[in-house]
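The values are calculated or read from the model by the stated rules, or taken from the named source; none is laboratory data. Bear in mind the structure is a predicted one, so any value in this text is a computation, not a measurement. In this analysis, Cβ positions are derived from the backbone assuming ideal geometry, glycine residues included, and neighbour counts consider all displayed protein chains.
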């Protein structure tokens, strides 16, 4: 963890990300305007402190500052929830396939290969159109097709762990395969999983933003950064602030997650630990 603290880019990114999350959480205390409130006296006005429209208003008089912060809640919620779904499916699938080996492994991973051959975004859009554009369905739809990379990574790590001494000892002691996976395999994958989670969250946020940009994401009165970018792009020439602020928050959050993920990857890299004398004896 000391190497992570020495990573200046990761620490700055973590601080910025924490500040953004704090803004999102205390949004009701920062803006006197509701997310769907219309200020008829200020339609598509530029940012102004006198009117308490800190980021300006859109073409129907809604406060961009409030909508950006509330939209961040939806974007982060989608990112975390869909990542959790992909984490649960991917870890269990990859761990079982890697530990079982043989024909079971081949069948399970060929299924993953088949899903890999399908266009990812097309499959998500198909699920959204077929089952309806519900916010909870967005979590499931993105997470249910985003677990493939996690499964492959976990399988590869499991293949290297299942012949280790502590696994052999548990197997010789009569411990069931499910218990070995749960008690010995999965806990030793946490480092790799944590790193991949930090890199998956921005990917999921970007997917949700793209869906919202296409009009397939969250629906009014809710909003997200992707939906705000979509709305702002139509007003880019007459009211550029409607695009600049949500796009800045979106880009900043994506960069911060990636920098933190890179920092965690470097800190948890076994080669890096051995070179710095931090390996276990």
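Go through 167, 195 for me and flag whichever is closer than 19 Å to residue 265 by Cα and surrounded by 18 or more Cβ atoms within 10 Å (Cβ to Cβ).
Exactly one residue qualifies, and that residue is 195.
State all residues of segment 58-76 that are more than 17 Å from residue 29 (Cβ to Cβ) and free of Cβ contacts under 8 Å to residues at least 60 places away in the same chain; if no residue qualifies, say none.
Within segment 58-76, 60, 61, 62 meet the criteria.
Does residue 114 qualify as being assigned to a helix (DSSP H, G or I) and at pLDDT 85 or above?
Details: assigned to a helix (DSSP H, G or I): yes; at pLDDT 85 or above: yes.
So residue 114 fits the description; yes.
Based on what the data block shows, is residue 101 touching a helix residue (DSSP H, G or I) at 6+ places or on another chain (Cβ under 9 Å), crowded, with 17+ Cβ neighbours inside 10 Å and closer than 30 Å to residue 166 by Cα?
Against the criterion (touching a helix residue (DSSP H, G or I) at 6+ places or on another chain (Cβ under 9 Å), crowded, with 17+ Cβ neighbours inside 10 Å and closer than 30 Å to residue 166 by Cα), residue 101 does not qualify.
With respect to residue 56, determine if the residue is within 17 Å of residue 247 (Cβ to Cβ) and crowded, with 17+ Cβ neighbours inside 10 Å.
On the way: within 17 Å of residue 247 (Cβ to Cβ): yes; crowded, with 17+ Cβ neighbours inside 10 Å: yes.
So residue 56 fits the description; yes.
Going by what's in this entry, would residue 178 be described as modelled with pLDDT under 85 and either within 23 Å of residue 121 (Cα to Cα) or part of a helix (DSSP H, G or I) (or both)?
no
Taking segment 229-249, which residues are at pLDDT 90 or above and in a helix (DSSP H, G or I)?
Within segment 229-249, the subset at pLDDT 90 or above is 240-249.
Answer for segment 229-249, where residues must be at pLDDT 90 or above and in a helix (DSSP H, G or I): 241, 242, 243, 244, 245, 246, 247, 248, 249.
Go through segment 237-271 and report how many residues are within 22 Å of the chain's Cα centre (by Cα), under 16 Å from residue 194 (Cβ atoms) and without any contact (Cβ under 8 Å) to a residue 24 or more places away in the chain.
Residues meeting the conditions: 1.
Here's a check for you: in segment 216-228, which residue that is part of a helix (DSSP H, G or I) and more than 15 Å from the chain's Cα centre (by Cα) is surrounded by the most Cβ atoms within 10 Å (Cβ to Cβ)?
228
Report whether or not residue 37 is farther than 24 Å from residue 202 by Cβ, in contact with a helix residue (DSSP H, G or I) (Cβ under 7 Å, 6 or more places away or on another chain) and surrounded by fewer than 15 Cβ atoms within 10 Å (Cβ to Cβ).
no
Does any residue of segment 33-55 turn out to be farther than 30 Å from residue 141 by Cβ and part of a strand (DSSP E or B)?
The answer is yes, given that some residue of segment 33-55 is farther than 30 Å from residue 141 by Cβ and part of a strand (DSSP E or B).
Got a number for residues in segment 56-66 being under 13 Å from residue 239 (Cβ atoms) and in a helix (DSSP H, G or I)?
1
Looking at residue 199, is it farther than 19 Å from residue 89 by Cβ and out of contact with any strand residue (DSSP E or B) (no Cβ under 8 Å at 6 or more places or on another chain)?
The answer is no for residue 199.
Identify all residues within segment 11-34 that are modelled with pLDDT under 85 and surrounded by 15 or more Cβ atoms within 10 Å (Cβ to Cβ); write none if there are none.
27, 31
Any residue in segment 171-183 that is on the phi > 0 side of the Ramachandran plot and surrounded by fewer than 16 Cβ atoms within 10 Å (Cβ to Cβ)?
There is at least one residue in segment 171-183 that is on the phi > 0 side of the Ramachandran plot and surrounded by fewer than 16 Cβ atoms within 10 Å (Cβ to Cβ).
Of the conditions (1) surrounded by fewer than 18 Cβ atoms within 10 Å (Cβ to Cβ); (2) more than 26 Å from residue 267 (Cβ to Cβ), residue 160 fails just one. Which one is it?
In the conditions (1) surrounded by fewer than 18 Cβ atoms within 10 Å (Cβ to Cβ); (2) more than 26 Å from residue 267 (Cβ to Cβ), residue 160 misses (2) alone.
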